[in-house]
Amino acid sequence: MHYFLVGKRVLTCLVFAAVMWGASESFAASDVSIKVKARSESNDDDGEIELETEQSFATTAFQTETEVYTLQINLKNNRDQKYKGVLQWCFISDHSTGDTYDEEPIKAVLATFSPGKKEIVLSPGAALNESMVSEPFVFEEKTVETEWYDSGDTTTYEYETGDVYKGYVLFFTVNGEVLARSSNSSRYLKDEWIEKCSAAIKEL
């Protein structure tokens, strides 16, 4: 099948860096406490692509948002004994598959994103600072308008694909017991999200 590219035009491209700091909600057990600050950097891009084949002429308008989050973590031992454990974390995203139903994008669902872990030794009364960086959260919205030469009809479809940052959860465990946990929302401090995060970490 013969086809050719008519043109590719980037109409606008806006790139920026936004820095945001936010204190977490934290759960401090009597033994170990966690404090977190989150920092984000983001950029946006939008434009339009045109493509012609023997059967049709299509215009795709797109908007892409990209964010990277850094967690600066303070982990403190409030006891006079040493703890050797594991610091574990997951970011939380609103995940869109890009699928559609009845010509509309399927609603995004909450999911774990960019999980990780690190072995930690806390001396009696000591405090440690750690930094965790997420994978990029990339979310794209596309509108594809296609003119079909044989029928003269025009079709329009919208797509949503990727991940939007919703938060994070991190926790410190010793011998499988959670001694402290922290999140930007009390919702993610629940055992449900600790279990989801643990399962994602096991798959690494």
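The values are calculated or read from the model by the stated rules, or taken from the named source; none is laboratory data. On a predicted model such as this, the values are computed, not experimentally measured, just so you know. As a convention, Cβ positions derive from the backbone with ideal geometry for all residues, glycine included, and neighbour counts pool all protein chains shown.
Considering the range 107-145 alone, what residues qualify as being of a type in the set (A, V, I, L, M) and assigned to a strand (DSSP E or B)? Walk me through it before giving the result.
Pass one, the range 107-145, residues of a type in the set (A, V, I, L, M): 108-111, 120-122, 126-128, 132-133, 138, 144.
The answer is Val109, Leu110, Ala111, Ile120, Val121, Leu122, Ala127, Leu128, Met132, Val133, Val138, Val144.
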Glu130 meets each of (1) within 17 Å of the chain's Cα centre (by Cα); (2) more than 30 Å from Thr64 (Cβ to Cβ) with one exception, condition (1)
Among residues of the range 92-106 being at pLDDT below 95 and part of a strand (DSSP E or B), the residue surrounded by the fewest Cβ atoms within 10 Å (Cβ to Cβ) is Tyr101
Would you confirm whether or not the range 127-137 contains a residue that is of a type in the set (D, E, K, R), surrounded by 14 or more Cβ atoms within 10 Å (Cβ to Cβ) and touching a His at 6+ places or on another chain (Cβ under 6 Å)?
no
Restricted to the range 79-88 and to residues being under 17 Å from Lys35 (Cα atoms) and either modelled with pLDDT under 95 or of a type in the set (A, V, I, L, M, F, W, C) (or both), the residue farthest from the chain's Cα centre (by Cα) is Arg79
Considering the range 151-204, residues that are within 27 Å of Asn77 (Cβ to Cβ) and of a type in the set (Val, Ile, Thr), and then whichever is surrounded by the most Cβ atoms within 10 Å (Cβ to Cβ), we arrive at Val169
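Residue by residue, here is whether (1) touching a residue at least 60 places away in the same chain (Cβ under 8 Å); (2) touching a Cys at 6+ places or on another chain (Cβ under 9 Å); (3) not hydrophobic (A, V, I, L, M, F, W, C) holds:
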{"position": "Ile49", "(1), (2), (3)": "no, no, no"}
{"position": "Phe57", "(1), (2), (3)": "yes, no, no"}
{"position": "Phe62", "(1), (2), (3)": "yes, no, no"}
{"position": "Tyr69", "(1), (2), (3)": "yes, no, yes"}
{"position": "Lys76", "(1), (2), (3)": "no, no, yes"}
{"position": "Gln81", "(1), (2), (3)": "no, no, yes"}
{"position": "Leu87", "(1), (2), (3)": "yes, no, no"}
{"position": "Thr97", "(1), (2), (3)": "yes, no, yes"}
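So, of the residues in the range 77-91 that are among the basic types (Lys, Arg) and within 15 Å of Glu119 (Cα to Cα), which turns out to be surrounded by the most Cβ atoms within 10 Å (Cβ to Cβ)?
Of the residues in the range 77-91, the ones among the basic types (Lys, Arg) are 79, 82, 84.
Within this subset, residues satisfying the condition of being within 15 Å of Glu119 (Cα to Cα) are 82, 84.
Values: Lys82: 12, Lys84: 10.
Filtering first and then ranking leaves Lys82.
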Inset, instruction - Return yes when Phe113 is in contact with an Asp or Glu (Cβ under 9 Å, 6 or more places away or on another chain), surrounded by 14 or more Cβ atoms within 10 Å (Cβ to Cβ) and farther than 22 Å from Ser185 by Cα and no when it is not. - result: no
